[in-house]
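Participant: I'd like to ask you about the structure that follows.
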Amino acid sequence: MRTLPTNTQSAVREKYGSVATEPKIYNVLFLCTGNSARSIMAEGILNQRGRGRFQAFSAGSHPSGKVRPEALERLRLCGMPAENARSKSWEEFAAPGAPKMDFIFTVCDNAANEVCPIWPGHPMTAHWGIPDPAVAQGTPEQIARAYRDAFSHLDRRIQLFIALPLATLDKMVIKQEIDRIGHA
């Protein structure tokens, strides 16, 4: 965060009474069908990389009820917390008292095509489809590669997202950018 030069801070404080305000923390929900791998990894990545600016959550349209151990291992290997990850329904985030979301990203094609709940506050949405590593078959190395690839794609998109100067962009520009990131 940039700080204003001292003389500018004084002038602003004199005119408006205060220079610093708390930065907005954006709530982001990652959706998938099972909420067992991709959305869980996205939640962990954004909570780590966007700490202080973003609060990430994940959910599924038909949650599996369990988080894939390979997704948790990938988070741990990359130094990201995974201990509180759990598979949950998107209904938790449409219920009264749920955190108001600013952004909702679908990370699987099935969830993108489903009828979603009505989200309080009408958050911006985008589809960031990623192949499902949970359906990967083959050797342990091939399965590990599927999780590594999914993680890498999510990480790249999330880094592009957190680099956006959200507070200074028009909503239409933000929407264009988050859609563009989904195609990156």
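Participant: State the Cα centre-to-centre distance between the stretch 136-164 and the stretch 22-47 in whole Å.
Facilitator: 14
Participant: How much accessible area per residue does the stretch 30-184 have, in Å², with a 1.4 Å probe?
Facilitator: Heavy-atom SASA per residue in the stretch 30-184 reads 51 Å².
Participant: Quick one: pull the percent of accessible area on the stretch 32-91 belonging to carbon and sulfur, 1.4 Å probe, ligands and nucleic acids left out.
Facilitator: Roughly 47 percent of what the probe reaches on the stretch 32-91 is carbon or sulfur.
Participant: Further question: Using 0.36 nm times the number of residues separating Ile25 and Ala163, minus their current alpha carbon distance, what extension gain do you get?
Facilitator: Working it through step by step, the gained length comes to 48.3 nm.
Participant: Compute the signed sum of charges (Lys and Arg +1, Asp and Glu -1) over the other residues within less than 14 Å, Cβ to Cβ, of Arg49.
Facilitator: Counting the neighbours of Arg49, the net charge comes to +2.
Participant: Order of 60-67, 127-134, 80-87 by packing, highest average Cβ count within 10 Å first?
Facilitator: The most tightly packed comes first, giving 127-134, 60-67, 80-87.
Participant: Now for a separate question. Run the simple label-point estimate for Asp149 and Cys78 please: 7 Å along Cα→C-beta, distance reported in nm.
Facilitator: In this crude spin-label approximation the distance works out to 1.6 nm.
Participant: What distance in nm separates the simple spin-label points at Asp170 and Thr139, each placed 7 Å from Cα in the Cβ direction?
Facilitator: 5.3
Participant: On to the next question. Taking a temperature of 37 °C and a viscosity of 0.692 mPa s, what whole-number D in µm²/s does Stokes-Einstein yield for the stretch 53-162 with Rh from Kirkwood over alpha carbon pairs?
Facilitator: It diffuses with D of about 215 µm²/s by this estimate.
Participant: Here's a follow-up. Around Leu166, with a cut-off of 13 angstrom between Cβ atoms, what is the net charge of the other residues, counting Lys and Arg +1 and Asp and Glu -1?
Facilitator: Value of the local net charge: +1.
Participant: Of Lys24/Lys171; Lys24/Lys100; Lys66/Lys88; Lys66/Lys100, which sit over 19 Å apart, Cα to Cα?
Facilitator: The answer is Lys66/Lys100.
Participant: Using modelled backbone amide H atoms (1.01 Å from N, in-plane), which distant-in-sequence or interchain residues come within less than 5 Å of Phe54's amide H?
Facilitator: It is Tyr26, by chain and number.
The values are calculated or read from the model by the stated rules, or taken from the named source; none is laboratory data. Everything numeric in this text was worked out from a predicted model, so none of it was measured. Neighbour counts are summed over all protein chains in view; Cβ atoms, including those assigned to glycine, are modelled from backbone coordinates with ideal geometry. Surface areas here come from the heavy atoms of the whole protein model, side chains and all, with no ligands, DNA or RNA. Shrake-Rupley method; radii C 1.70, N 1.55, O 1.52, S 1.80 Å.
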